[in-house]
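Inspection log for the structure reproduced underneath, given as structure tokens.
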Amino acid sequence: MPCEFCGDPDDRHFHALPRRRQLVGLAAAALGMGCPGVPALAREAKAPPKPGNVLTPDAALHELMQGNSRYAQGLTRRHDFRSERAALAAGQNPYAGILSCADSRVAPEFAFDSARGDLFVVRVAGNLLNDDNLASLEYGVAELRTPLLMVLGHSACGAVSSTIKSIDSNTTLPGHLPSLVASLAPAVKAARGAPGDLLANATRANVRMNVERLKTATPILSKSVEEKKLLVVGGYYNLSDGIVDIVA
């Protein structure tokens, strides 16, 4: 007897199944999955590991800042890491990528009251952009569909402070530290003469510069920004109260 779904004259792929599995076979065939002659057009796309992380860029920023508000007020959620392990073992879909300073007092996962699989974090002293961490963030956007990137600076940044001291004293720092000075010097120069604290101004200038570099990084990030699939913003973490201010 031929299969009523695909016309297989022997219908072997159906009748070879035990009776208990035939109903499952019929349902699968109706969806184009059980019969070799039916296109699999009705197959459902694989669900993301964390469906709640599928957000627009603006919604992702709102979620991020809501998390920071909870953190600053001491109202953080209880995160059940154990229950998430199975889903995250199969993949990830973080809703935000963070380029953060390596400072031990700044932990993005805590500062934004996030759980595992929520944030794609790259950390380096001075939260500066280089080829390696740019490639990491490109991966987050291109492969993981991350809709938001934030460059996160912070108050009392040691990397920026050391850069200011090195420039003002005309001294060379030991080891590989001069590479940090070279990368952060443009922000210090841009902040010179501005009213207010030089360290805070230079830190914010550095955030803005790296935001602009991310926005214009071709071909992946710039294209995503143009298509409004990606939002890139700057943030400034205040060590005294835990509040993150958006840096324009």
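Coordinate-derived values only; no laboratory data. A quick note: this is a predicted structure, and the numbers were derived from the prediction, not measured. Positions of Cβ are backbone-derived with ideal geometry, glycine not excepted, and every protein chain shown enters the neighbour counts.
Assorted remarks:
- DSSP-defined antiparallel bridges as percent of all bridges, segment 93-248, nearest 5: 20
- Highest mean first, the peptides 166-174, 229-237, 183-191 sorted by other C-beta atoms within 10 Å per residue fall in the order 229-237, 183-191, 166-174.
- Karplus 3J(HN,Hα) series, Hz, for segment 79-86 with 6.51 cos²θ - 1.76 cosθ + 1.60 (x for Gly, Pro): 9, 8, 5, 5, 5, 8, 4, 4
- Distant-in-sequence amide H partners of Leu152 (H built 1.01 Å from N, under 5 Å): Leu99, Ser100, Cys101, Gly235
- Eligible lysines near Lys223 by straight Cα distance, threshold 19 Å, same-chain separation 8 or greater: Lys215
- Peptides 64-73, 207-216 ranked from most to least packed, by the mean per-residue count of other Cβ atoms within 10 Å: 207-216, 64-73.
- Of the peptides 149-155, 222-228, the order by per-residue mean of other Cβ atoms within 10 Å, starting with the highest, comes out as 149-155, 222-228.
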